[in-house]
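Reviewing the structure listed below.
All of the numbers you see were taken from the coordinates with simple rules; none came from a lab. Just so we're clear, the structure is a prediction, and the values are computed from it rather than from any experiment. Positions of Cβ are generated from backbone atoms using ideal geometry, with glycine treated the same way; all protein chains shown enter the neighbour counts.
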Amino acid sequence: MSAVAEAIAEGRVGERLWLYPNYHCNLRCTYCLTESAPGVPRRLLEPETILERAHEARALGFTGVGITGGEPFLLDWLPELLAELAQILPVIVLSNATLFTGRRLAALEPLGGLPIHIQISLDSAEPDANDEMRGSGNFAEVVAAIPELLRRGIGVRVATTLEDPASHDPAELDRLCELHRSLGVGDEDHVVRPVIRRGRAAAGGMGVPAGADELDPELTITADGAFASPFGPTVRAGALDTDLLVTRTTSPLAVPAGALVRALGGRAAGHDARLGIR
Ligand code: SF4
């Protein structure tokens with residue numbers, strides 16, 4: 001077994017390879033790690049590149065692929081890519097779920113029944129509180145989209161980002177859980193995580209600080225290089241953060257994967273990691 005496969009099997013490196021196909025977004029959330037918005041540099045990964053990395057990931061011992069951004073569904077080729085990725089490894093794709101109407105929703109039909117989950121951001125059961133962070137009308141679009149996806153046989157998970165989960169009003173969180181259950185998403189598919197103080201959140205003084213010691217090591221590929229976490233390739237004042245950069249080289253994948261394993265040295269699985277993205 002290779003050192004990378006061993007590290008994955010032992011849980012020292014996350015079993016999922018993350019990829020950033022783009023950085024632009026139709027929203028402009030207050031805590032966005034990547035300062036995403038409509039006009040930002042796109043930093044694109046081509047679909048052929050993503051498929052190559054996924055094939056390599058499977059050969060190296062990774063057992064899943066994660067797609068994040070930016071809003072990846074702004075890319076017209078994304079549904080077709082997801083269907084191809086699902087033939088290689090199970091896929092999770094993070095989305096704001098505001099684009100799932102009309103032709104974009106129709107393009108998702110072939111994904112029904114495939115090993116694909118769309119993880120959708122929803123921060124509150126109160127529309128105003130949700131929309132304060134994520135933009136006017138967001139709540140209504142998300143609660144309309146989730147049943148549409150489930151009806152098509154597409155797996156859905158809900159991700160809730162809170163300024164401070166420990167001190168958050170439990171009654172409000174209960175209302176949110178009632179809401180996601182009523183939409184057809186079970187508790188096992190709901191994740192709650194803190195705002196990470198990087199990107200736009202850092203500029204606004206929001207969230208909890210996160211560096212290498214707080215984050216689970218998960219290899220993450222972008223157009224700018226390979227990072228040690230999907231929270232790594234963040235953007236602040238238009239500049240890419242490089243504190244969690246592993247290598248500029250991303251091909252072959254064995255190069256950054258091996259570098260990440262070597263950088264971790266003897267660090268035990270998750271011994272001091274407090275945050276995670278799923
Ligand atoms: S947090 Fe997600 S939905 Fe919001 S601006 Fe950033 S990429 Fe877009």
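Things worth noting here:
- Applied to region 195-205, the Karplus parametrisation 6.51 cos²θ - 1.76 cosθ + 1.60 on θ = phi - 60° returns per-residue 3J(HN,Hα) values of 4, 9, 7, 9, x, 5, 5, 5, 4, x, x Hz, with x for Gly and Pro.
- Each of LEU149, LEU75 has some number of other Cβ atoms within 10 Å of its Cβ, and from fewest to most they run LEU75, LEU149.
- Percent of beta bridges antiparallel (DSSP, the chain, rounded to nearest 5): 20 percent
- Cα shape, region 139-267, gyration tensor, a/c 1.5 rule: prolate
- In degrees, nearest ten, helix 254-264 long axis to first principal axis of the chain (Cα): 90 degrees
- Per-residue [θ]222 nm for the chain (sum of -39500 (n - 2.57) over DSSP H runs n ≥ 4, rounded to 500): -9000 deg cm²/dmol
- What separates the Cα centres of region 231-246 and region 10-35 is a distance of 11 Å.
- With Cα atoms, 0 to 90° folded angle of helix 170-183 axis to the chain main axis: 90 degrees
- Rel. contact order, % - alpha carbon contacts under 8 angstrom, at least six apart, region 1-159: 21 percent
- Computed over the alpha-carbon pairs of the chain, the distance histogram in 5 Å steps reads 1, 6, 13, 17, 19, 18, 14, 8, 3, 0, 0 percent, short to long.
- With Cα atoms, 0 to 90° folded angle of helix 138-151 axis to the chain main axis: 70 degrees
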